[in-house]
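Have a look at the structure below, then the notes.
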Amino acid sequence: MREPWPALPYEDWRDTCDTLHLWMQIVGKVKLALSPFQNEYWHAAFHLTARGLTTGVMPYRGRSLEVQFDFVDHNVFLHASDGQTKALALTARPVADFYADFFDVLAALAIEVSIDPRPSEMPNAISCDIDRAHASYDAEYARRWWEILLRTQTVMERFRSSFVGKSSPIHFFWGSFDLAYSRYSGRPAPLMRGVPRFMQIAEDQENFSCGFWPGNATASGIEFGRPAFYAYSYPEPDGFKTATFAPEGAYYDHKLGEVILPYDVVLASEDPDEALLKFFRRSYEVAATLGNWDRAALEVRKPEVARR
């Protein structure tokens, strides 16, 4: 019997969410500084593991470093390719203390890296090296959030399997704090205006994107206030706003400019996995059809299952 998807009431873990977001920004900026560039800013993202999230391998002066957030035993592990391992406990502490402790551990591993301590994609944020306002960590809710990411990735892998065009890995962006997956039509997209340069680079090709977001404030200051799955297309085709989405409960949010399926709707459904898969499939079908994508070339209608 499958375990039920865990509840994640935003108000109950909001403080933990904000603190964890900032801790991950610190580690994420280290990855950004050390990793070679990849298209669409894929080099900056984290990836899920069976215990949490990882930066993946980062090169450093002939050595390699990996940082792992462990939400089973609640630690941050730093593994160096020369065999050294250091750990920091995930426990309630100010962001400024985590910042200092993390860089002390890097120094102990003889790794020197400079980052901009100001958070990205967070409105009115305090610089991480002096932030003592955010200091919460509820291990139970952090674990639940990570379990939702794992469950979402499993559904995304099913959704991803029938697309043969360019598509992204399933990855976690520490700036916007969401698990995301994107498909590309193969055509360039118009340059985004009034957004940071990294976003212009990340959205330089026509795409459909979907993911899971805990409801925290966006870079523009919009706070949804509850966890949700999302989908959007850039550039947005005519008719997308007024299309019918599925399952029941999915809708186009004009403030966010995205299709939203509240997490509670999935949680209450008879089969959450199938409800979520239906959301991803229907949102993509609307975007690709209205956007005149070459679906015959980009999709496998009946993917065969490899047999040994």
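Using the scaling law 2.2 N^0.38 Å as the reference, what is the normalised Cα Rg of the range 143-222? It would help to have the intermediate numbers written out before the result.
Values: Rg = 13.9 Å, N = 80, 2.2 N^0.38 = 11.6 Å.
Against the compact-globule rule of thumb, the ratio is 1.19.
Write down the Å³ per residue value for the convex hull defined by the alpha carbon atoms of the chain. Mind showing how you got there, number by number?
Working: hull volume 48.6 nm³, N = 308.
Convex hull volume per residue, Cα atoms: 158 Å³.
Please give every one of the aspartates and glutamates within straight-line cross-link reach of Lys166, meaning a C-alpha to C-alpha distance under 16 Å, and leave out same-chain neighbours fewer than 8 residues apart.
Glu40, Glu157, Glu203, Asp204, Glu206, Asp294, Glu299
For the chain, find the longest principal axis of its Cα atoms and tell me its angle to the long axis of helix 139-160, 0 to 90°, nearest 10.
40
Note the angle between two axes, namely the Cα long axis of helix 95-108 and the longest principal axis of the Cα atoms of the chain, as a number of degrees from 0 to 90, rounded to the nearest 10.
70
In the Gaussian network model of the chain, springs joining C-alpha atoms below 10 Å, which of Gly56, Gly225, Gly194 carries the largest mean-square fluctuation?
Comparing Gly56, Gly225, Gly194 in a Gaussian network model of the chain, the most mobile one is Gly194.
Carbon and sulfur: what percent of the chain's accessible surface (1.4 Å probe)? Numbers along the way, then the final one.
Numbers: 7090 of 14270 Å².
Carbon and sulfur together cover 50 percent of it.
In whole angstrom, how far apart do the alpha carbon centroids of the range 179-194 and the range 1-76 sit?
Cα centroid of the range 179-194 versus Cα centroid of the range 1-76: 23 Å apart.
Rule-of-thumb check for the range 4-136: C-alpha Rg over 2.2 N^0.38 Å?
Taking N as the residue count of the range 4-136, the ratio is 1.05.
Taking the Cα centre of the chain as the origin, how large is its charge dipole in debye, to the nearest 20, when only Lys and Arg (+1) and Asp and Glu (-1) carry charge on their Cβ atoms? Don't jump to the answer; show the numbers that get you there.
Numbers: 32 positive and 41 negative charges, 199 e Å.
Here the chain has a charge dipole of around 960 debye.
Could you state the accessible area per residue of the chain in Å², with a 1.4 Å probe and every protein chain left in place?
Ligands and nucleic acids excluded, the figure is 46 Å² per residue.
So, in Å, what gap is there between the alpha-carbon centers of the range 231-248 and the range 250-278?
After rounding, the separation between the Cα centres reads 13 Å.
How many nm is it between the label spots at Glu147 and Val195, if each spot is 7 Å from the Cα in line with the beta carbon?
It is 3.4 nm.
Give a quick list of GluC sites (Glu not before Pro) in the range 92-149 that DSSP marks as loop, anything other than H, G, I, E or B, with at most 16 other Cβ atoms within 10 Å. List each step's numbers first, then the result.
On the way: sites: Glu112, Glu121, Glu140, Glu147; in loops: Glu112, Glu121.
Taking the range 92-149 and a limit of 16 other Cβ atoms within 10 Å, the loop GluC sites (Glu not before Pro) found are Glu112.
Below 15 Å, Cα to Cα, which aspartates and glutamates can Lys241 reach? Residues fewer than 8 away in the same chain don't count.
Within reach: Asp253, Glu258, Glu285.
Label Glu236 and Ser161 with points 7 Å out from Cα along Cα→Cβ: what is the distance between them in nm?
For Glu236 paired with Ser161, the spin-label model returns 3.3 nm.
Which three extents, in angstrom, do the Cα atoms of the range 160-269 have along their principal axes, listed largest first?
Sorted from largest, the Cα extents of the range 160-269 read 38, 33, 28 Å.
The values are calculated or read from the model by the stated rules, or taken from the named source; none is laboratory data. Small disclaimer: the values here were computed from a predicted structure and weren't measured. We place every Cβ from the backbone using ideal geometry, glycine too, and count neighbours over all the protein chains shown. With ligands, DNA and RNA removed, areas are computed over all heavy atoms of the protein, side chains included. Shrake-Rupley method; radii C 1.70, N 1.55, O 1.52, S 1.80 Å.
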